[in-house]
Amino acid sequence: MTDYNTRTVVDDQFNRTEGNGVTAPRARPSRPSRAEVARWSRFALPVLLLVLVATFSVLEPTYFATVDNARTILVTQTVLATLAMSALFTLVVGQFDLSIGAQLGLAQVVLPGLLSRYDVDLGTGIVITIAVTTVIGAFNGVLVAKLRLNSFIATLGVATILQATVLWYSGGRVIFEGLPPSLTGLSTAEIVGIPLPIVYIAILAILAWLVLERTPLGRRMEAVGVGHEAARLSGINADGITILAFCFGGALAGAAGVLQASQIGSGNPALGPEFLLPAFAAVFLGATAFKVGRFNLWGTIVAVLTVATGVAGLNLMGVPQWVNPLFNGVALLLAVTAARLLRGVGSQ
């Protein structure tokens, strides 16, 4: 009885108006809805990029706030951005390809090997190199889609095989003799003052965006990522879409290897796998921007630039080199956590 009376008194107090001489209790402020959270959080990453640029421009105006530094950051990140797009395609269909770093490493020794050992012209060498990694991507897709192997295990095994192949193909030595100047020209040439690597990544990004966002294929890929079995029951060739996504990922990993070989002017068997973690960090971090909770292209590109800007600024301030992997690792952890917390928010 006491509890009932207490609740009645409280209800009466809330129902009184100021006209009766009693001030109504102040209403509790309403929490922001999930839709409002999504609307604002999608701009957090671009804002962070602007904050980093402004901060380092103030702290290091002589070196950071220059056109040359901006060009350097953009050019050096083209390889990582291309590999991040490779990871993006398989993540969209709900799979992981842990072999893309090894595919990059294979491509960046296959191309110099073709040019120096077999006297293949540059254009043909690029086509063969990307074709090789595309076939590897298709093989990964068959393992996952047809044989129903776990994508983590299958692609990790393929990555190990590819690393062994790189050592066999290169003999464990850097391939640099007999390479034509046109190889480095892929990265050093400019069009109307814009370095070619920036032009390449712009073209690749637009093409990837068109496929993922403006074609029925992209919508089918996203449907497969949401639910493989549900997509199959709705009439989508889910296995074929998965294999195709791995093919796209392989082709982009090969393109990243070509860019890497052109930037260093050789084929280094030690390079490749170290790009894997930053690539996945960029895609997961990008899922917190623009289309919250969804892997998306422009979020991935902004994430690459954000992490690169942070690392470049810290390096200019004299921090040790071990900060680079630390920065990437922390970015990946924060990105995965944020993507999980924001999952489904964008659809509210």
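Answer rounded, prolate or oblate for region 147-221, using the Cα gyration tensor with square roots of eigenvalues a ≥ b ≥ c: rounded when a/c is under 1.5, else prolate when a/b is larger than b/c, else oblate. Spell out each step's value before the answer.
Working: a/c = 4.32, a/b = 1.03, b/c = 4.19.
Cα axes put region 147-221 in the oblate bin.
How high is the FRET efficiency from LEU156 to VAL330, r the C-beta distance, R0 22 Å, rounded to 0.05?
My answer for the efficiency is 0.40.
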Rule-of-thumb Rg ratio for the chain [Cα; 2.2 N^0.38 Å; N residues] | 1.24
Gain in length, ALA202 to LEU149, computed as 0.36 nm per residue apart minus the alpha-carbon separation, to one decimal in nm?
-> 15.6 nm
Measuring from centroid to centroid over Cα atoms, what is the spacing of region 269-334 and region 135-214 in Å?
-> 18
Please list 325-331, 94-100, 248-254, 287-293 highest first by mean number of surrounding beta-carbon atoms within 10 Å per residue.
-> 248-254, 94-100, 287-293, 325-331
Where the accessible area of the chain is counted over protein heavy atoms with a 1.4 Å probe, how much of it, in %, is carbon and sulfur?
-> 66
Helix-only [θ] at 222 nm, the chain, -39500 (n - 2.57) per DSSP H run of 4+, per residue, nearest 500, equals -23000 deg cm²/dmol
When ligands, DNA and RNA are left out and all protein chains stay put, how many square angstrom of accessible area per residue does the chain have with a 1.4 Å probe?
-> 51
In degrees between 0 and 90, to the nearest 10, how far off the longest principal axis of the chain does helix 44-59 point, with axes built from Cα atoms?
-> 70
Rank by packing, highest mean first: peptides 296-303, 278-285, 178-185, with packing defined as the count of other Cβ atoms within 10 Å averaged across residues.
-> 278-285, 296-303, 178-185
Positive-pole candidate from ALA159, VAL199, TRP209, dipole of the chain, charges at beta carbon = TRP209
Pseudo-spin-label distance TYR169 to THR215, built 7 Å along Cα→Cβ, given in nm, is 2.6
Region 164-169 - phi-based ³J(HN,Hα) in whole Hz, Karplus 6.51/-1.76/1.60, Gly and Pro as x = 5, 5, 4, 5, 5, 5
R0 = 30 Å: FRET efficiency of THR337 with THR184, Cβ-based, nearest 0.05?
-> 0.15
By per-residue mean of other Cβ atoms within 10 Å, what is the highest-first order of 187-193, 120-126, 105-111?
-> 105-111, 120-126, 187-193
Nonlocal amide H pairs with LEU271, under 5 Å, H built at 1.01 Å | none
Can you tell me the FRET efficiency between ASP119 and VAL192 if r is taken as the Cβ-Cβ distance and R0 is 30 Å, rounded to the nearest 0.05?
-> 0.35
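The values are calculated or read from the model by the stated rules, or taken from the named source; none is laboratory data. What you see is a predicted model; the values in this text were computed from it and never measured. As a convention, Cβ positions derive from the backbone with ideal geometry for all residues, glycine included, and neighbour counts pool all protein chains shown. These accessible areas exclude ligands, DNA and RNA; they are computed on the full protein's heavy atoms, side chains included. Shrake-Rupley method; radii C 1.70, N 1.55, O 1.52, S 1.80 Å.
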